[in-house]
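The values are calculated or read from the model by the stated rules, or taken from the named source; none is laboratory data. Given the structure is predicted, the values throughout are model-derived calculations rather than measurements. Please note: Cβ atoms are built from the backbone with ideal geometry, for glycine as well, and neighbour counts cover all protein chains shown.
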Amino acid sequence: MPDNSKQAPECFGRLDIVFPMGEDGLRVTPDTCMACAWKTECLRAASQSRDGLKLDEEKVDRAYASGNMGFFERWSKRKALKRKEQEKE
């Protein structure tokens, strides 16, 4: 757990920095982030941000592409995600 007397780094909670898309199309955490004392709080903040909804959309799309989810379930989940995105605005 980070020392609360220190301020979080500038990259804190920025999804494209702390959890970028890898070459294989999956998101990975960089080694520099894994060594950071703020990593857990940072990744949690990034996943709960408005940009973090991208993660959920990617999971839904991967499940649909792999055949683990049907069209209507995908449509329903994406619609719910759009509602969450509008609520965060």
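I'm trying to understand the selection: among the residues of the stretch 51-77, which are surrounded by 15 or more Cβ atoms within 10 Å (Cβ to Cβ), modelled with pLDDT of 95 or more and assigned to a helix (DSSP H, G or I)?
Val60, Ala63, Tyr64, Arg74, Lys77
Quick check on the stretch 1-50: of everything there that is outside any helix (DSSP H, G or I) and among the polar types (S, T, N, Q), which residue is farthest from Leu81 (Cα to Cα)?
Narrowing the stretch 1-50 to residues outside any helix (DSSP H, G or I): 1-14, 19-30, 35-38, 49-50.
Those still in the list that are among the polar types (S, T, N, Q) too: 4-5, 7, 29, 49.
On the way: Asn4: 33, Ser5: 36, Gln7: 32, Thr29: 23, Ser49: 13 Å.
So the residue we want is Ser5.
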